[in-house]
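Reviewing the structure listed below.
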Amino acid sequence: MYTELNSILNTTPDSFTQGEFVLLSDRESDASFLIHHFLSLYLRARCKVCFLGLVQSFNHYSAISQRLGVSLAQAKEKGQLVFLEGQKESLSVLIPQETDTGSPAMDFLRDPAVGLKSLYEFVRSAVSSSGIGEGEADGAEEWGPPVLLVDDLSVLLSLGLSAGAVMDFSHYCRAIVCSLLQGNVVMLVRCDGEGEEDEGDDEGSERLMKGLTHQCSLTLHVQGLPTGYCRDIHGQVEVCWRRRQGDGQCTQKKLFQYKVHDKGASFFAPGTSSAVL
Amino acid sequence: MLPELLQGIESGGLLIIQDSASYSGRHLLQSFINAALNREEAVHVLGFEVSEEELKDGLRGSPVQRLHFHNAYTDPLGWTDHPAFTVHHFCLEELARLVKQTSHSKPATLVIDSLSWILRHVSPPDVCKTLQQLRKGGAVRAIIGLLHADMHQRGTVGSVCRLATSVITVAPATKGDEAVAKITKRSKSGKVIQDEEIFRIKDDLTIVIQSKSSQPGAKKADSEEQETDPTANLTFNLRLSDTEREAKEKLALPFVFSKEKKTALLHSGPDPDDDLDV
């Protein structure tokens with residue numbers, strides 16, 4: 001959890017806007033540090049978290065979270081965290097073992113044409129369950145509003161799903177988590193293309209990102225510096241609030257430069273890095 | 001022209017609000033809903049992209065008694081057992097039935113949020129057919145639809161907008177909460193009027209026109225002013241004075257045969273290549 005980002009977004013583990021759909025995106029850069037931020041933020045906020053880790057192993061996320069001061073293993077044990085390890089689950093679907101035929105959540109791997117209904121069913125059962133730790137009836141802890149995190153949606157495109165199918169999935173997730181249960185959704189999507197306009201490619205990540213931008217209420221778009229790599233500034237992040245705020249502002253945009261440290265990240269206005277001043 | 005459209009769409013009209021990822025047209029759509037409700041018209045909202053709570057939250061202060069929300073948001077594809085309205089119900093019969101459920105003296109306005117959701121799952125010809133039937137059928141007085149133009153191929157956007165009596169394309173303006181609206185209006189006589197306005201939506205969903213970015217008259221004057229003389233700063237003369245003309249006429253042009261040239265050709269000097277042993 002990065003406190004500087006919290007103050008930009010006006011959130012703390014104790015108070016955050018509910019019912020928000022946050023879209024993280026990157027272009028020729030890496031926004032996964034933001035996923036780790038939101039994961040540790042919501043675990044600290046005592047939310048019931050459902051994490052679809054499609055890109056990395058559980059140990060990877062666990063090691064980084066450890067540095068940010070939260071234990072994923074403990075959260076999982078307590079029933080606060082439901083973790084879908086995409087790599088492992090897909091392996092058991094693709095190479096079925098006798099004992100383990102894989103989670104039904106990954107059914108779309110067998111036939112991408114059926115869509116992501118099965119993955120949605122997984123999310124639904126994870127966020128609607130009461131949050132009581134398994135086999136720990138006495139330690140029944142109450143968790144806050146549910147949160148869904150996805151790292152990242154672009155992998156689904158690579159697995160053969162259409163951008164439309166992924167948008168349907170995100171729509172259903174938003175409907176249940178944000179609207180029905182007043183929780184939050186954070187999704188990461190990567191854009192590989194350089195240009196904003198690629199007319200012919202209508203099934204690509206560009207279309208997915210546009211579709212998700214129409215659905216979400218807050219976007220954080222990470223880009224490399226236009227002037228190239230720099231040791232002291234790792235890139236820039238554009239924060240855009242899309243929902244009508246209380247003071248009548250419709251869309252508000254702010255640009256920050258950032259640097260990711262070993263145990264955190266700093267955000268500053270463009271041109272005010274310690275390397276410049 | 002935006003205030004005129006807000007005052008009411010003619011009966012049988014189809015208004016399309018086109019937006020893109022950089023600026024959402026939903027606030028303008030809410031302004032239209034608010035304006036219709038304030039005129040005591042019945043408004044039916046077919047909501048795919050926002051929940052009823054979110055919509056009503058956006059319409060705080062409007063008289064929402066005549067607002068009827070048809071929930072296509074929770075389950076638009078029928079993934080659960082009891083879908084309220086799925087995208088495949090988007091046809092004349094279903095929509096007419098929905099609107100008729102509530103009886104009003106006046107025919108209602110149908111708001112579709114958004115056409116993009118439908119176009120992702122229903123073929124564009126079918127969507128166009130249903131829209132046309134709705135307009136002509138008399139079940140609804142007018143239709144207002146939101147369309148995310150950057151989500152579809154240009155041909156699809158074109159064919160849907162061809163049906164519309166008015167198209168408003170919104171885009172962000174240079175200043176914070178302002179936006180630019182490009183309006184195309186087709187009147188019944190076939191006359192097409194285009195206009196461009198910069199507007200701002202106030203908290204109570206009324207619209208303030210900041211400026212007309214291109215009034216037809218103003219544009220004309222502008223272009224006249226910029227028309228400068230292209231012959232002003234030339235590096236050569238376009239006209240000749242009498243003495244210059246005389247001098248010019250004295251010159252023999254190349255490739256024109258004259259007596260001197262003929263003798264020069266016949267009695268040319270020694271061949272310079274004569275000593276060359278080829």
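The values are calculated or read from the model by the stated rules, or taken from the named source; none is laboratory data. All values reported here derive from a predicted model rather than from experimental measurement. Here the Cβ positions follow ideal geometry from the backbone for every residue, glycine too, while neighbour counts run over all protein chains shown.
Go through region B:102-119 and report how many residues are more than 14 Å from chain A (Cβ to nearest Cβ), in a loop (DSSP other than H, G, I, E, B) and in contact (Cβ under 8 Å) with a residue 24 or more places away in the chain.
Here is the first cut: in region B:102-119, the residues more than 14 Å from chain A (Cβ to nearest Cβ) are B:102-112.
Those left that are additionally in a loop (DSSP other than H, G, I, E, B): B:102-107.
Next, only the ones that are in contact (Cβ under 8 Å) with a residue 24 or more places away in the chain stay: B:102, B:104, B:106-107.
Number satisfying all stated conditions: 4.
Which members of region B:233-246 meet the condition of being surrounded by 10 or more Cβ atoms within 10 Å (Cβ to Cβ) and in contact with a helix residue (DSSP H, G or I) (Cβ under 9 Å, 6 or more places away or on another chain)?
Taking region B:233-246 first, the residues surrounded by 10 or more Cβ atoms within 10 Å (Cβ to Cβ) are B:240, B:244-246.
Answer for region B:233-246, where residues must be surrounded by 10 or more Cβ atoms within 10 Å (Cβ to Cβ) and in contact with a helix residue (DSSP H, G or I) (Cβ under 9 Å, 6 or more places away or on another chain): just B:LEU240.
Mind checking which residues of region B:8-20 are surrounded by fewer than 17 Cβ atoms within 10 Å (Cβ to Cβ) and either among the charged types (D, E, K, R) or at pLDDT 90 or above (or both)?
The one that is surrounded by fewer than 17 Cβ atoms within 10 Å (Cβ to Cβ) and either among the charged types (D, E, K, R) or at pLDDT 90 or above (or both): B:GLU10.
(1) aromatic (Phe, Trp, Tyr); (2) over 23 Å from B:ARG186 (Cα atoms); (3) out of contact with any Asp or Glu (no Cβ under 9 Å at 6 or more places or on another chain): which one isn't true of B:PHE32, the others all being true?
Status for B:PHE32: all satisfied but (2).
If only one of B:VAL122, B:VAL50, B:VAL64 is out of contact with any Pro (no Cβ under 8 Å at 6 or more places or on another chain), crowded, with 21+ Cβ neighbours inside 10 Å and not aromatic (Phe, Trp, Tyr), which one is it?
B:VAL50
Identify the single condition in (1) away from chain A (no Cβ under 11 Å); (2) surrounded by fewer than 19 Cβ atoms within 10 Å (Cβ to Cβ); (3) in contact (Cβ under 8 Å) with a residue 40 or more places away in the chain that B:ASN34 does not satisfy, given that it satisfies every other one.
Here B:ASN34 clears every test but (2).
Please go through (1) among the basic types (Lys, Arg); (2) over 19 Å from the mean Cα position of the chain (by Cα); (3) surrounded by fewer than 17 Cβ atoms within 10 Å (Cβ to Cβ) for A:ARG67 and return the number of the only condition it doesn't satisfy.
The single condition A:ARG67 does not satisfy is (2).
Given the conditions (1) at pLDDT 90 or above; (2) more than 19 Å from the chain's Cα centre (by Cα), and given that A:PHE108 satisfies all but one, which numbered condition is not satisfied?
Among (1) at pLDDT 90 or above; (2) more than 19 Å from the chain's Cα centre (by Cα), A:PHE108 violates only (1).
A:GLY183 - would you say it is modelled with pLDDT of 90 or more and more than 14 Å from chain B (Cβ to nearest Cβ)? First the steps, then the outcome.
Values: modelled with pLDDT of 90 or more: yes; more than 14 Å from chain B (Cβ to nearest Cβ): no.
Against the criterion (modelled with pLDDT of 90 or more and more than 14 Å from chain B (Cβ to nearest Cβ)), A:GLY183 does not qualify.
Checking the condition among the aliphatic types (A, V, I, L, M), over 19 Å from B:LEU6 (Cβ atoms) and assigned to a loop (DSSP other than H, G, I, E, B), which residue from B:VAL122, B:VAL127, B:VAL99 passes? So that I can check it myself, show each step before the final result.
Numbers: B:VAL127 fails: assigned to a loop (DSSP other than H, G, I, E, B); B:VAL99 fails: assigned to a loop (DSSP other than H, G, I, E, B).
That would be B:VAL122, the only listed residue that is among the aliphatic types (A, V, I, L, M), over 19 Å from B:LEU6 (Cβ atoms) and assigned to a loop (DSSP other than H, G, I, E, B).
How many of the residues making up region B:185-213 are away from every other protein chain (no Cβ under 14 Å), among the polar types (S, T, N, Q) and surrounded by 12 or more Cβ atoms within 10 Å (Cβ to Cβ)?
So the count comes out to 4.
Identify the residue in region B:168-184 that is more than 23 Å from B:LEU37 (Cβ to Cβ) and assigned to a strand (DSSP E or B) and, among all such residues, is farthest from the other protein chains (Cβ to nearest Cβ).
B:THR184
Of the residues B:VAL99, B:VAL122, B:VAL87, which single one is at pLDDT below 90, closer than 24 Å to B:ALA164 by Cα and either within 14 Å of chain A (Cβ to nearest Cβ) or more than 25 Å from the chain's Cα centre (by Cα) (or both)?
Working: B:VAL122 fails: at pLDDT below 90; B:VAL87 fails: at pLDDT below 90.
Checking each option against the conditions leaves just B:VAL99.
How many residues, within region B:39-63, are aliphatic (A, V, I, L, M), more than 22 Å from A:GLY19 (Cα to Cα) and touching a Leu at 6+ places or on another chain (Cβ under 7 Å)? Spell out how you get there, then give the answer.
So in region B:39-63, the residues aliphatic (A, V, I, L, M) come out as B:42-43, B:45-46, B:50, B:55, B:59.
After this cut, where a residue has to be more than 22 Å from A:GLY19 (Cα to Cα) as well, the list is B:42-43.
After this cut, where a residue has to be touching a Leu at 6+ places or on another chain (Cβ under 7 Å) as well, the list is B:43.
Selection size over region B:39-63: 1.
With the structure loaded, tell me whether B:GLU49 is part of a loop (DSSP other than H, G, I, E, B), within 10 Å of another protein chain (Cβ to nearest Cβ) and within 27 Å of B:SER11 (Cβ to Cβ) or whether it fails that test.
Values: part of a loop (DSSP other than H, G, I, E, B): yes; within 10 Å of another protein chain (Cβ to nearest Cβ): yes; within 27 Å of B:SER11 (Cβ to Cβ): yes.
So B:GLU49 fits the description; yes.
Where residues in region B:191-212 are of a type in the set (D, E, K, R) and under 16 Å from B:THR174 (Cβ atoms), which of them is modelled with the lowest pLDDT?
So the first thing to find is which residues in region B:191-212 are of a type in the set (D, E, K, R), and the list is B:191, B:195-197, B:200, B:202-204, B:212.
Next, only the ones that are under 16 Å from B:THR174 (Cβ atoms) stay: B:196-197, B:200, B:212.
Details: B:GLU196: 93, B:GLU197: 93, B:ARG200: 90, B:LYS212: 76.
Selected residue: B:LYS212.
Looking at region B:52-89 only, could you name the residues that are assigned to a loop (DSSP other than H, G, I, E, B) and small (Gly, Ala, Ser)?
Of the residues in region B:52-89, the ones assigned to a loop (DSSP other than H, G, I, E, B) are B:59-63, B:72-86.
Result: B:GLY61, B:SER62, B:ALA72, B:GLY78, B:ALA84.
Which of the helices (runs of 4 or more DSSP H) found entirely inside region A:1-96 contain at least 2 residues meeting this: touching a strand residue (DSSP E or B) at 6+ places or on another chain (Cβ under 8 Å) and not polar (S, T, N, Q)? Don't jump to the end; show me each part of the working.
On the way: elements: A:3-9, A:32-44, A:58-67, A:72-78, A:86-94.
Once the helices (runs of 4 or more DSSP H) in region A:1-96 are filtered for at least 2 residues that are touching a strand residue (DSSP E or B) at 6+ places or on another chain (Cβ under 8 Å) and not polar (S, T, N, Q), what remains is A:3-9, A:32-44, A:58-67, A:72-78.
What are the residue pairs meeting all of these: first residue in region B:236-262, first residue free of Cβ contacts under 8 Å to residues at least 12 places away in the same chain, second residue of a type in the set (A, V, I, L, M, F, W, C), Cβ atoms under 8 Å, and 6 or more apart or on different chains?
Once the first residue is free of Cβ contacts under 8 Å to residues at least 12 places away in the same chain and sits in region B:236-262, its partners that are of a type in the set (A, V, I, L, M, F, W, C) give B:LYS248/B:LEU240; B:SER258/B:ALA252.
List the number of the failed condition for B:GLU249; all other conditions in (1) modelled with pLDDT of 85 or more; (2) surrounded by fewer than 10 Cβ atoms within 10 Å (Cβ to Cβ); (3) not in a helix (DSSP H, G or I) hold.
Here B:GLU249 meets the rest and fails (3).
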